[in-house]
1. I'm trying to understand the selection: among the residues of segment 59-68, which are out of contact with any Phe, Trp or Tyr (no Cβ under 7 Å at 6 or more places or on another chain) and either without any contact (Cβ under 8 Å) to a residue 40 or more places away in the chain or not small (Gly, Ala, Ser) (or both)?
2. Take the conditions in a helix (DSSP H, G or I), modelled with pLDDT under 90 and in the same structural domain as VAL519 (by TED's automatic domain parsing) and apply them to PHE432. Does it pass?
3. Looking at ALA29, ALA55, ALA61 in this structure, which one is in the same structural domain as PHE145 (by TED's automatic domain parsing) and at pLDDT 85 or above?
4. Among ALA261, ALA234, ALA242, which is within 30 Å of ALA474 (Cβ to Cβ) and touching a residue at least 24 places away in the same chain (Cβ under 8 Å)?
5. Looking for whichever is buried (at least 20 other Cβ atoms within 10 Å of the Cβ), modelled with pLDDT of 90 or more, over 18 Å from the mean Cα position of the chain (by Cα) and in a helix (DSSP H, G or I) here; the options are GLY496, GLY470, GLY488, GLY460. Which one fits?
6. Restricting segment 282-306 to residues that are among the polar types (S, T, N, Q) and modelled with pLDDT under 80, which is nearest to LYS332 (Cα to Cα)?
7. At least 1 residues that are of a type in the set (Gly, Ala, Ser), at pLDDT 85 or above and in contact with a Pro (Cβ under 9 Å, 6 or more places away or on another chain) in each: list the strands (runs of 3 or more DSSP E) lying fully within segment 159-266 that qualify.
8. Within segment 562-586, how many residues are in a helix (DSSP H, G or I) and either surrounded by 20 or more Cβ atoms within 10 Å (Cβ to Cβ) or among the hydroxyl-bearing types (Ser, Thr, Tyr) (or both)?
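The values are calculated or read from the model by the stated rules, or taken from the named source; none is laboratory data. Computed from a predicted structure; not experimentally measured. Positions of Cβ are backbone-derived with ideal geometry, glycine not excepted, and every protein chain shown enters the neighbour counts.
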Amino acid sequence: MIELLFVMLITFGTIGLGIWATKKSQSVADFFVAGRSVNVFWNASAISGEYLSAASFMGVAGLIMKNGYDALWYPVGYAAGYLFLLLFIAGPLRRFGAYTIPDFAEGRFHSPAFRKIAVSFVLFIGFFYTMPQMKGAGTVVLGIFAPIFPGWQYWYGIAIVGSVITFNVALGGMKGITIVQAMQYWVKVFAISVPFFIVSAFLGSYTKPISNAVAEPKGIPLIPGSVISMKGKAVAPNNALALSSAGETLVKFEEDSVLTAISVNPKPKPGDVFDASGSINAVGTVLAVNEKSKNLSVPKDTLLDVKPFDVLSKDGKKSKASLKFEFEKPAKIRITAPLSQNEGKAYAPNAPGNEKWVSPYGPLTSKNGYPVLYTYSLIIALVCGTAGLPHILVRFYTNPDGKSAKRTTLWVMVMLGGFYVFTPMWGSLGRFAMPILYASNGTDSTIIKLPSMLSDPTLGHILGGITAAGAFAAFMSTFSGLLVSMSGAFAHDIYGKIIKPQSSADDRKNAFKYAAVGVGVISMLLGLLVESFDIATMVGWAFAIGAASYFPLLLLGSWWRGLTAKGAATGMLVGGLASLVAIVTTMMIDKKYLSLEVSPLMRSLMEQPAIWGVPLSITLMVVISKMTAKAVPHDVDTMMLRLHAPEELGHSKDYIS
């Protein structure tokens, strides 16, 4: 109940502040770019508030808990991307003085057709980015309300949060949400830092268990007899229970269950040799089970004794593997271990061993067998993708001038750096304090759940309420920015520039409000489809699409005279769409909507497409521009002065005043 009070406080505070700020939104410029009057401090706070999404507040800690060292690239990449923005894009983008990024696409090349391509990627990236925000909303609200209201569903939280933010954005536009997002940044900083210091004071410093992990390469011990609630096939792949290969495990089925499949974990590579026939036995029954079983009915009270087995690779290396159960429908199981083995320890299912967790090229990047390729592709996506997110880029149009835009970017780097210090520590502490989250595939809720481990339940509820409020602030502020960006694309670019160019300012303001409602509803529906995906992973995919589409356009468009509309459009379309198709195909394979067998190399390239998508886009832009050199805009020299000359020289003017 205490957690609920904190969540209600941040929710009603957001609504109240939004209504108050709405009174300041009068003109169309207020709705789209906050009147270009936001000062450096407040704009830096608002950008940081918008940027620190559910992926930053919840997802990074969850990924670090789940994958260890590998996932540290996420906070590093999220923060480092602003260096690119500071050096190459922030100043020129503001000096251009548009309302939306598609304005830049058309105005830089005098090509109305290019606006249509650019606006489509605002929507692709925006809708992709809303999905993890909705996943965060559903997860947090479920964790808070389910103990209070039995039968509470995941989608209820999506509906509540989506409706609140849609209401705020439709009322006040950019100016209405700027002060809300700035406030939410400081709420998030408080919510991720203060509870951590208190929780770590009670549970112990996160550094000691990391040192123990380096010394002990086995898995994470789970309290013997732990009961785990498994989900069904509808949320695949989160319906899987991959038993630890660190030792023998007893699995007791607390109710009648159906297993979709029993398979080997980790998945064998072509040429691997192993024998799993003796690795599983039913204790006290005549149940016949083997690793190839499909749609197997398992009666209540069945006890399975599962042992790890050796796998011999083609190059002669020996490793340990165990079995993975995939559940057809929800079920409860009990995990324990024989007292005669593992010193009485039961190791947490779905958890990597300590040796992999503390090592580079661990369970995240090496899962397909190409860790170096995966790592560099992830870095490119995160760093370049930051400079390719329309809802972040449009924020620079709210600064008074290019100089203040660059100062804003510098302060954003400082603010983000301070925040990201804490997310790895939460993830590390969660691994050793709450290993049960591995078994239930709930690592994304690490920050929300950890305070419940305190011996003082009242203090635990208070801290849990603070972190829950911080999570609410995270996905509400980012969802607000996404709604403004996409609603602006519909109202200004599609309606105001393509469908009805003669529309009045009031017409476009009304179109913005209608678009906000429509985009909000679609985003809520998309959130229902992604319950089984990691929050930070989905945001990384949005970054990869932005890196292959908008980043090359803004980088070359701001600095290369020779870029033509045909070159920019070709690179953006081919690189961006190819990356989008690869990621969507990966998601459909994971959800088992597609039964497509792909090689490990192809899987890595599809799951992290930035390593080929960004070079493909840039190469096509350069090559096609060289082939169409006669189509370079006639005023390109004037345009370059406009983008780069200090405002005092008088060359800069707003594309839309």
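1. Within segment 59-68, ILE64, MET65, LYS66, ASN67 qualify.
2. On the way: in a helix (DSSP H, G or I): yes; modelled with pLDDT under 90: yes; in the same structural domain as VAL519 (by TED's automatic domain parsing): yes.
When the stated conditions are applied, PHE432 passes them.
3. Details: ALA29 fails: at pLDDT 85 or above; ALA55 fails: at pLDDT 85 or above.
Residue meeting the stated conditions: ALA61.
4. On the way: ALA261 fails: within 30 Å of ALA474 (Cβ to Cβ); ALA234 fails: touching a residue at least 24 places away in the same chain (Cβ under 8 Å).
Every option except ALA242 fails the conditions.
5. On the way: GLY496 fails: modelled with pLDDT of 90 or more; GLY470 fails: over 18 Å from the mean Cα position of the chain (by Cα); GLY488 fails: modelled with pLDDT of 90 or more.
Going through GLY496, GLY470, GLY488, GLY460 in turn, just one is buried (at least 20 other Cβ atoms within 10 Å of the Cβ), modelled with pLDDT of 90 or more, over 18 Å from the mean Cα position of the chain (by Cα) and in a helix (DSSP H, G or I): GLY460.
6. Applying the first criterion (among the polar types (S, T, N, Q)) to segment 282-306 yields 285, 290, 293, 295, 297, 302.
From what's left, modelled with pLDDT under 80: 285, 290, 293, 295.
Details: THR285: 19, ASN290: 21, SER293: 20, ASN295: 17 Å.
Among those residues, the one meeting the criterion is ASN295.
7. Numbers: elements: 226-230, 240-242, 249-253, 257-265.
So the answer is 226-230, 240-242, 257-265.
8. Our first condition is that a residue be in a helix (DSSP H, G or I); within segment 562-586, this holds for 565-586.
Subsequent filtering for residues that are either surrounded by 20 or more Cβ atoms within 10 Å (Cβ to Cβ) or among the hydroxyl-bearing types (Ser, Thr, Tyr) (or both) retains 565, 567-572, 575-576, 579-580, 582-583, 585-586.
Summing the residues that are in a helix (DSSP H, G or I) and either surrounded by 20 or more Cβ atoms within 10 Å (Cβ to Cβ) or among the hydroxyl-bearing types (Ser, Thr, Tyr) (or both) in segment 562-586 gives 15.
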